[in-house]
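The values are calculated or read from the model by the stated rules, or taken from the named source; none is laboratory data. Since we're looking at a predicted model, the values are computed, not measured. Heads up, the Cβs are rebuilt from the backbone with ideal geometry, glycines too, and the neighbour counts pull from every protein chain shown. Only protein heavy atoms, including side chains, enter the accessible area calculation; ligands, DNA and RNA are left aside. Shrake-Rupley method; radii C 1.70, N 1.55, O 1.52, S 1.80 Å.
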Amino acid sequence: MKDVPADMDSVVRRWFTAGADVIDAGRRAAPAGVFITGTSGSGVGAVADELDFLAGAAVRRAPDAASAAVVLFVLDASAPLGRAALADLAPVLESTTTGLLVNKIDVHRNWRDVQRAVSEAVDEHVPRSVDVAFLPTSAKLAERARIAFDPKMRAALAEESGLRGVLRFVEAGLGQSDHVLRERKYNAAVRDAAAGARGRIVDKARAVTGVGATVGLRAERARLIDVRDRGRAERAGALRNRLQLTRSDTIHDIDEHIREFGSAARESIDTSKRSGLGHLQDDLSARLARTVSGLDSRLTDRLQAIDDDLGLSADLLAPADSTVVTLDPPMRRTGVEDKMMIVVGASAGVGLGRIVVSPLSMVPAFDIAAIPVSLVLGAFCAWWLVRSRRLVADRAHTRTWVADAAASAKSSLEQRALARMLAAETALAAADRSTALSASVAAESELERLDAELRAVADHRASVLAACDRDLSTLDRGVEKFGGRVRAVPSR
């Protein structure tokens, strides 16, 4: 018997540890006897009984197919062998003289078709069969031959049963030299060990080339790229939208607060006396300062909310000054209307005084007193009319000043708010770029790590596949000395 090449033995021991034991068992094998087996319901027991009756004690029984010199495999004449049964039988066909008994030919007329199908399957799937014979049999006919009284019928039934041919086949198989029988077992054991190692190598190559090893890394890489690109675009879009909304809300707040300031100022003017108009400017200026401070505070809160929500940590500058410059109302100049009101008031007062003292003029004693009384009443009426006219004019003048001050304050507030928002937009955009750059650097670092792992997996896969190819080539070269290429282990 030939020795297994050292490189082949190394491959078998590394990939299929039990293969060394299989080869050793094949080397020590001493085939003897016959082993009878078969498919379920094919009549294995009946065939064994009839064969024992014919052979007597001349045929030794083997405990299993591995130690047998001849194997008889009984199959039913009604159905061919399945792929799984043929795969189980392949090691026996490649190592032992095997007789395939097509039993029950007396019942099934199409047994020749079954025999032909099994023969074609063996030729196709087990090309290294060492010694295979197809033997049509009928254990039932052999049993009838034993109990027949007519010698001619007994001989005819016995010959038709095929059991005598089976016995001759068994005796011929057992008569082969021990060297041939042992070499067949040994060669088959080597091929089986090589087939086991080949199966492990193929499984390893499939596991390495599968996507399961890199699917998690590739999914993580795709997620990082998506987060890097989509997060930057979403944050930039959100920043633009929030700034536009803040600008709109701030302009609306300025309009609303200036309108409320104007309404409150007009109400204060309408209810104030002439002496209080001089102090009204300070109150309105203080109220306007509070309005400006509230608007600045709300704008600061909105900008800070944008920064906090987007996580930018921008340097937002607070307003430098919360006051709005308002000019003092100019002195109202006396005009023609005031002079006319003095004349009209004096004349109206004199006329009113004459009307009041007209009853006194009928009394001669009060005629002289009527003149000074009418003059006094005329002066009083003139003074009251002039004073009322000045109050109305001062209120109108103050309203005009308030309207101008409100318009000026609104323009200043809008200008300052837009300037603050422009500065905040610049700061937020810079912070957004810095944040995006930091996130991109972190993502790129993580992507580099994943790419390195993917390259390592690819390199490992290439090295493993190269090693598998070398080991498969070693097995193919070594097994040629033992009967051909390595038999692939069929899938069930």
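The set of residues in region 21-49 that are part of a helix (DSSP H, G or I) and touching a Gly at 6+ places or on another chain (Cβ under 8 Å) comprises Val22, Val44, Val47.
Of a type outside the set (Phe, Trp, Tyr), touching a strand residue (DSSP E or B) at 6+ places or on another chain (Cβ under 8 Å) and over 21 Å from Arg83 (Cα atoms), is that true of Gln115? Criteria not met by Gln115. Among the residues making up region 219-238, those that are farther than 12 Å from Leu450 by Cα and open to solvent by less than 60 Å² (accessible area, probe 1.4 Å) are Arg228, Gly231, Arg235, Ala236, Gly237, Ala238.
Here Asp106 meets the list (1) within 52 Å of the chain's Cα centre (by Cα); (2) of a type in the set (Asp, Glu); (3) more than 22 Å from Asp178 (Cα to Cα) almost entirely, failing just condition (1). Against the test of being under 30 Å from Leu454 (Cβ atoms), of a type outside the set (Asp, Glu) and modelled with pLDDT under 85, the options Gly278, Gly216 yield a single qualifying residue, Gly216.
Taken together, the residues in region 372-384 that are open to solvent by less than 50 Å² (accessible area, probe 1.4 Å) and out of contact with any Leu (no Cβ under 6 Å at 6 or more places or on another chain) amount to 3. Total residues in region 362-389 satisfying the condition of being under 30 Å from Arg259 (Cα atoms) and at pLDDT below 75: the figure is 1. Against the conditions (1) farther than 25 Å from Glu124 by Cβ; (2) buried (at least 23 other Cβ atoms within 10 Å of the Cβ); (3) not aromatic (Phe, Trp, Tyr), Ala25 satisfies every one except (2).
Looking at region 62-69, can you tell me whether even one residue there is open to solvent by less than 10 Å² (accessible area, probe 1.4 Å), small (Gly, Ala, Ser) and out of contact with any strand residue (DSSP E or B) (no Cβ under 6 Å at 6 or more places or on another chain)? Yes, region 62-69 contains a residue that is open to solvent by less than 10 Å² (accessible area, probe 1.4 Å), small (Gly, Ala, Ser) and out of contact with any strand residue (DSSP E or B) (no Cβ under 6 Å at 6 or more places or on another chain).
Pairs meeting the criteria (first residue in region 1-20 and in a loop (DSSP other than H, G, I, E, B), second residue surrounded by fewer than 18 Cβ atoms within 10 Å (Cβ to Cβ), beta carbons under 6 Å, at least 6 apart or on different chains) are Lys2/Lys481.
Within region 76-101, restricting attention to residues that are within 26 Å of Ala32 (Cβ to Cβ) and more than 55 Å from the chain's Cα centre (by Cα), the residue that is surrounded by the most Cβ atoms within 10 Å (Cβ to Cβ) is Leu101.
For first residues located in region 22-51 and over 24 Å from Ser177 (Cα atoms), partners that are part of a helix (DSSP H, G or I) and lie 6+ apart or on another chain with Cβ distances below 6 Å form the pairs Gly38/Val44; Gly43/Ala139; Ala46/Ala139; Val47/Ala139; Glu50/Ala139; Glu50/Ala142; Glu50/Leu163. For region 236-270, give me the residue count where each residue is of a type outside the set (Asp, Glu), within 30 Å of Asp432 (Cα to Cα) and either modelled with pLDDT of 85 or more or out of contact with any Leu (no Cβ under 9 Å at 6 or more places or on another chain) (or both). Total meeting the criteria: 15. Considering the conditions (1) under 30 Å from Leu303 (Cβ atoms); (2) crowded, with 16+ Cβ neighbours inside 10 Å; (3) at pLDDT 80 or above, Thr474 is excluded by exactly one of them, (1). Being of a type in the set (Val, Ile, Thr), in contact with a helix residue (DSSP H, G or I) (Cβ under 9 Å, 6 or more places away or on another chain) and closer than 27 Å to Leu299 by Cβ holds for only one residue in Ile269, Ile201, Ile258, and it is Ile258.
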